[in-house]
Amino acid sequence: MPHFAKPGEGSWTQHYGIDTGPVSYEDSISPEHYELERDAIFRRTWLNVGRVEQLPRVGSYFTRELDAARTSVVVVRDPAGEVRAFHNMCRHRGNKLVWNDYPREETSGVCRQFTCKYHGWRYGLDGGLTFVQQESEFFDLDKSAYGLVPVRVDVWEGFIFVNLDDQDATPLSDYLGGLAAGIAGYPFDRMTQVHRYRAEVASNWKLFIDAFAEFYHAPVLHAKQSVDEESRKLQGYGFEALAYQIDGPHGMVSSWGGMSPPKDLSMVKPIERKLRSGLFGPWEAPDVGLHQLPPGLNPARHRAWGMDSFLFFPNFMVLIWKTSWVLTYHYWPTSHNTHIFEGTVYFAPPKNARERLQQELAVVTFKEYTLQDGNTLEATQTMLESRAVTEFPLNDQEILLRHLHATARRYVSEHRQRQTEAPVRISAAS
Amino acid sequence: MPSVFPAEFADLEPFADWAVPTERARYDKRTASTMDELQAFYDAAFPRLEDAMAYLDRFAIDELPHDATRLLWLFCALTTASFPVEVWRQPRVPDSGSSSFDAVIEPRV
């Protein structure tokens, strides 16, 4: 007996016209499929690489290792105050331009110009080549033709995106579509108290998105995180979303939020009772100037609403909680069966130590849950790779998983199609 | 020995080595502790949580004196240590085996 209404078709999956048959996970275990995803997805879509608060002034920069897209980018605020992005590569002999100590690690800072560690070539914040060591030794070197190679960059609600495809002219806002438009205006810029965590996970990137795109697992995998009686109750109920939405490659799930604050204090642990905080965040929302929710939040307009989780394809999730805090997830593939996971928590800055401790409890609780999730993924990946079983039944609460994997496969097959159709290009270089 | 915490919290001095400034260090200390050590810390600190918040709330968060900052870190460590004591009955998250999840950005205080 469902607790929350479903669409007229009887299921969310059928409502969105998605196939209900068993699903293959070959796309998550095949090295060949991953190699195609790198070009078909990670070099062709808008990727969120950070937020504008990371670039507070002219010359502020950060680098991003985009292994899946076969490059590293440097993102910088230029003298006009605009955000720019470049391939992180010196035009002289291809050295990585911006890095510290370890070439494969990301870095950030403030500078007036970029100087290559190898031969001292310098580039302005606009990417222009400004200095060449022993310039007269070169042969007719036109410095204006050797600026840093730009990468398309755009900003949505303070989130900075890059797109490595210079052929695709789809603007960022069109790409993000209606789900993003529905949450535009949310006060992300007020949530500047940031905690970021990072893990190297031994699974395909999509498997971790799967884990966060359904809450069917929560009452079971995380059972011990609740007090015993509550845990039994949660397993009895299971999980049902308030709503799911699919828009192009993207999707969202809207969830109830029974724990913030809990109906009955005996449901939660002593530290949560004392601090009035937990997995669902501090129980009292800070004032972030939010007089009315943007129309895209709580689409079911349900009074039990607690949180909406948006997946912007391919690898960016935004979770917005009723009590005015935000979580983002990023999944950066490093091979077909490994990726780097980043979880970032954004709060309004605490006014006092009490609020700081409430936030700390929410953050460390998130860490405890994620440690359980991460290890389970490795267990899933290794068994999927055995191919002892190749088809898996997914339920209606796993609709976003079906959509994610189907979308990834579609991008790959369209990419293959383009490759077969493309005329053979003969290089003009002689 | 000079005191680490404000005088009102002298009873917590034996646990001063929990007052470390990063979540990663607090978590490492938790996993390196025995359940007896975690329980002793929890039993001493948990009953003082309300007093500590009342004391700390007299200051703006960015104007905490050093001893108050250390008191705040101690209670941040209490949140970390509460999981083994209140739910896991072991220092590590069960079934977390080889996984790790490390803080790379966190607030200054």
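Key figures for this structure:
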item	result
√(5λ) per eigenvalue of the Cα gyration tensor, the protein assembly as shown, largest first, Å	40, 32, 21
Gained length - B:GLN90 relative to B:GLU13, 0.36 nm times residue gap less alpha-carbon distance	25.3 nm
Sites A:ALA304 and A:ARG418, calculated FRET efficiency, Cβ-Cβ separation with R0 60 Å, nearest 0.05	0.85
Of the chymotrypsin sites (Phe, Trp or Tyr not before Pro) in segment A:1-95, those whose Cβ has at most 14 other Cβ within 10 Å and which sit in DSSP loop	A:PHE4
Ranked A:HIS3, A:HIS291, A:HIS250, criterion: other C-beta atoms within 10 Å, fewest first	A:HIS291, A:HIS3, A:HIS250
Proxy reagent accessibility, fewest Cβ within 10 Å first, across A:CYS111, A:CYS116	A:CYS111, A:CYS116
Whole-number percent relative contact order across chain B, with pairs defined as alpha carbons under 8 Å at least 6 apart	40
Length added when fully stretched, A:VAL155-A:THR192, from 0.36 nm per residue minus Cα-Cα	11.6 nm
Loop GluC sites (Glu not before Pro), segment A:327-430 (other Cβ atoms within 10 Å of the site Cβ: 14 or fewer; DSSP)	A:GLU391
Under 12 Å, Cβ to Cβ, from A:GLN54 - net charge with Lys/Arg +1 and Asp/Glu -1	+3
Estimated inter-spin distance, A:ASN352 and A:GLU200, nm [label 7 Å along Cα→Cβ]	4.4
Shielding score for A:373-386, defined as the mean number of other chain Cβ atoms within 10 Å	2
Sparse-neighbour loop sites [trypsin sites (Lys or Arg not before Pro); segment A:1-72; at most 12 other C-beta within 10 Å; DSSP]	A:ARG57, A:ARG70
Cβ-based exposure ranking for A:LYS117, A:LYS263, in which fewest neighbours within 10 Å come first	A:LYS263, A:LYS117
Set A:LYS206/A:LYS263; A:LYS206/A:LYS367; A:LYS322/A:LYS367; A:LYS117/A:LYS143 screened for pairs whose C-alpha atoms are more than 24 Å apart	A:LYS206/A:LYS263
For segment B:14-88, alpha-carbon Rg relative to the globular expectation (2.2 N^0.38 Å, N residues)	1.08
Chain A: relative contact order as a whole-number percent, Cα under 8 Å and 6+ apart	20
Sites A:GLU240 and A:VAL389, calculated FRET efficiency, Cβ-Cβ separation with R0 25 Å, nearest 0.05	0.40
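No lab work stands behind these numbers, since they all come straight from the coordinates. Note that this is a predicted model, so its numbers are computed, not measured. All Cβ positions, glycine included, derive from the backbone under ideal geometry; neighbour counts span all protein chains shown.
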